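Reviewing the structure listed below.
The values are calculated or read from the model by the stated rules, or taken from the named source; none is laboratory data. Owing to the predicted nature of the structure, the values given are computational and were not obtained by experimental measurement. Using ideal geometry, Cβ is built from the backbone for each residue, glycine included, and neighbour counts are taken over all protein chains shown.
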Amino acid sequence: MQQYKMEMNDKLILVENLALSYWHNNVGVHSVKDLLTLRKNPFTLKPILHDVSFELDKGQSLGILGRNGSGKSTLLRAIAGIIKPQKGRVVVNGSIAPILAIGAGLELELTGFENIKLLLALYGQSKNMAEQINDICIFSELSHEVLNMAAKCYSAGMLARLAFSISLANDCDILIIDEVLAVGDKGFQEKCVQKIYELKSLGKTIIFVSHFPDEVEKLCDKALLLENGTIINQGNVNTICNQYRQLF
């Protein structure tokens, strides 16, 4: 991932002229044999993001809106350093806690407790681990019996609870949330939202993707609207949310 460190008085996140494409399998190649028996290249490069640029200051909350297939999740993965852009650059001047999908980052063969310890260590949060594990158990509301089970036995809601609880316990500068607040029961959703507001009040920077503009208006200071991989507008959160509503 092409990331550059900045001086502390610069932007916390800078995305500049970002372009990203995926190789697309056109004819259903599923093995080396399929590939060798074809007379032409079955793959084509499919553009996902085109010349995307924006910046974010420390403590700001950015909402990203767009219809399905507009490139929202791909943009978040580029910011998180999971995928590398073909053009442009992503500058991040802080640590990131990504919540990108149900159970993202969890090893399904490991138990809940093992996943907690592994991810806290990877996040560099190994100090006071026993206290953090206890906080995660309380927040997730998952019993010790459940946390001693392999994560592959968890329901989607349980995976979301565990992944959310670990990420929210991570003391990072930037929280990235990708359309996962709709998973789980209403009580846990409300608890997660309250925790996100708490982190926002502590000066954390938040990037929030949602199909619900009402949520974006409540949480975010600014917003951008993606359409076919291009930013068609960015700025005032109410203006962007109203423009998004008009797409339907």
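Residues in the range 141-164 that are under 11 Å from Gly112 (Cα atoms) and in a helix (DSSP H, G or I): His144, Glu145, Val146, Leu147, Ala151, Lys152, Cys153, Met158, Leu159, Arg161, Leu162, Ala163.
Of everything listed in (1) in contact with a Gly (Cβ under 8 Å, 6 or more places away or on another chain); (2) among the hydrophobic types (A, V, I, L, M, F, W, C); (3) more than 20 Å from Ile136 (Cα to Cα), the single unmet condition for Phe212 is (1). The residue pairs whose first member lies in the range 74-102 and is over 15 Å from Ser167 (Cβ atoms), whose second member is hydroxyl-bearing (Ser, Thr, Tyr) and outside any strand (DSSP E or B), and whose beta carbons are closer than 6 Å, counting only pairs six or more residues apart or on different chains, are Val91/Tyr4. Set side by side, the residues Ser70, Ser61, Ser126, Ser95 differ, and just one is of a type in the set (Ser, Thr, Tyr), at pLDDT below 90 and in contact with a strand residue (DSSP E or B) (Cβ under 9 Å, 6 or more places away or on another chain), which is Ser95. So which residues in the range 156-170 are more than 11 Å from Leu142 (Cβ to Cβ) and over 16 Å from the mean Cα position of the chain (by Cα)? Correct list: Ala156 only. Based on what the data block shows, is Ile231 assigned to a strand (DSSP E or B) and either within 19 Å of the chain's Cα centre (by Cα) or surrounded by fewer than 16 Cβ atoms within 10 Å (Cβ to Cβ) (or both)? For Ile231, the condition - assigned to a strand (DSSP E or B) and either within 19 Å of the chain's Cα centre (by Cα) or surrounded by fewer than 16 Cβ atoms within 10 Å (Cβ to Cβ) (or both) - is met.
Close Cβ contacts (under 9 Å, 6 or more residues apart or on different chains) running from residues in the range 216-232 that are at pLDDT 95 or above to residues that are in a helix (DSSP H, G or I) and charged (D, E, K, R) comprise Ala223/Glu217; Leu226/Lys72.
Looking across the range 173-214, just one residue is over 30 Å from Gln246 (Cα atoms), at pLDDT below 85 and not aromatic (Phe, Trp, Tyr), and that is Gly187.
Name the single residue that is surrounded by the fewest Cβ atoms within 10 Å (Cβ to Cβ) among those in the range 190-228 being aromatic (Phe, Trp, Tyr) and in contact with a Leu (Cβ under 8 Å, 6 or more places away or on another chain). This residue is Tyr197.
Scanning the range 141-153 for any residue that is in contact with a Phe, Trp or Tyr (Cβ under 8 Å, 6 or more places away or on another chain), closer than 20 Å to Leu76 by Cα and not acidic (Asp, Glu) turns up nothing. Looking only at the range 101-121, decide whether some residue is within 30 Å of Val52 (Cβ to Cβ) and either touching a Pro at 6+ places or on another chain (Cβ under 8 Å) or among the basic types (Lys, Arg) (or both). Checking the range 101-121: at least one residue is within 30 Å of Val52 (Cβ to Cβ) and either touching a Pro at 6+ places or on another chain (Cβ under 8 Å) or among the basic types (Lys, Arg) (or both).
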